[in-house]
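The values are calculated or read from the model by the stated rules, or taken from the named source; none is laboratory data. Computed from a predicted model, the values in this text were never measured in an experiment. As a convention, Cβ positions derive from the backbone with ideal geometry for all residues, glycine included, and neighbour counts pool all protein chains shown. Surface areas here come from the heavy atoms of the whole protein model, side chains and all, with no ligands, DNA or RNA. Shrake-Rupley method; radii C 1.70, N 1.55, O 1.52, S 1.80 Å.
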Amino acid sequence: ERVVKLFQYFLLKRREGENGLKYLTGRDINADIISQFKIGYAPKEYGRLESFFIKKGYKPEFLVSTGLFSRGERGLKPLFFNRVIFPIINYKGECIGFGGRALEPDAKPKYLNTPETIAYRKRENLYGIAVSKEFIKAKKSVFIVEGYVDAISCYKNGLKNIVAPCGTAITKEQIRLL
């Protein structure tokens, strides 16, 4: 939750998040939707996130276990930088991972997800389920779309019983979850 709030702070309160906001508004994603889906921004500066968490007392081993960092030649390497961040929130309302959309046109890959961790297994989770679950229950139906922005676009246009797999084809585990 602390990371979600930090990414939102970078998007909404820091000048460096302006490109992220520009991308989102260009996709017709407004402040209410940004707040509901807890969308954020991971800054460009390479060591920024690492130093923030180290100062807060987090150990490098723990940071690697979260899926936010990997070990590089020069220490910790952030997985997400200069990306719009889509928190992956489970049906209980807990953030278990992140998806990041590159803002540079030549960045590869365009979308990047948290690797598998103790908390996050992409085949067992669905993007948008936390905000959509009551609508799914009420309608007794669900629409499954390809990606984060697809799910958000449908949701903001009134189709609220919507989810998206997290970078995979739909799995048996996701069907059971629904």
Determine, yes or no, whether Lys140 is under 23 Å from Ala164 (Cβ atoms), of a type outside the set (Ser, Thr, Tyr) and surrounded by fewer than 21 Cβ atoms within 10 Å (Cβ to Cβ). yes
All-but-one check, Tyr120 against (1) free of Cβ contacts under 8 Å to residues at least 40 places away in the same chain; (2) open to solvent by less than 20 Å² (accessible area, probe 1.4 Å), failing number (1)
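For the stretch 98-108, state whether one or more residues are in contact with a Ser or Thr (Cβ under 8 Å, 6 or more places away or on another chain), open to solvent by less than 50 Å² (accessible area, probe 1.4 Å) and under 30 Å from Phe52 (Cβ atoms).
Yes, the stretch 98-108 has at least one match.
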Residue list for the stretch 60-88, restricted to those being at pLDDT below 90 and at positive phi: Gly75
Considering residues of the stretch 154-164 that are open to solvent by 10 Å² or more (accessible area, probe 1.4 Å) and not in a loop (DSSP other than H, G, I, E, B) only, the residue nearest to Tyr127 (Cα to Cα): Cys154
Farther than 27 Å from Pro165 by Cβ and either in a loop (DSSP other than H, G, I, E, B) or within 16 Å of the chain's Cα centre (by Cα) (or both) - does that describe any residue in the stretch 61-69? no
Might you check whether a residue that is touching a residue at least 24 places away in the same chain (Cβ under 8 Å), among the β-branched types (Val, Ile, Thr), under 17 Å from Thr114 (Cα atoms) and surrounded by 14 or more Cβ atoms within 10 Å (Cβ to Cβ) occurs anywhere in the stretch 60-80? yes
May I ask you to list the residues in the stretch 1-39 that are open to solvent by less than 60 Å² (accessible area, probe 1.4 Å), of a type in the set (D, E, K, R) and within 19 Å of Gly128 (Cβ to Cβ)? Lys38
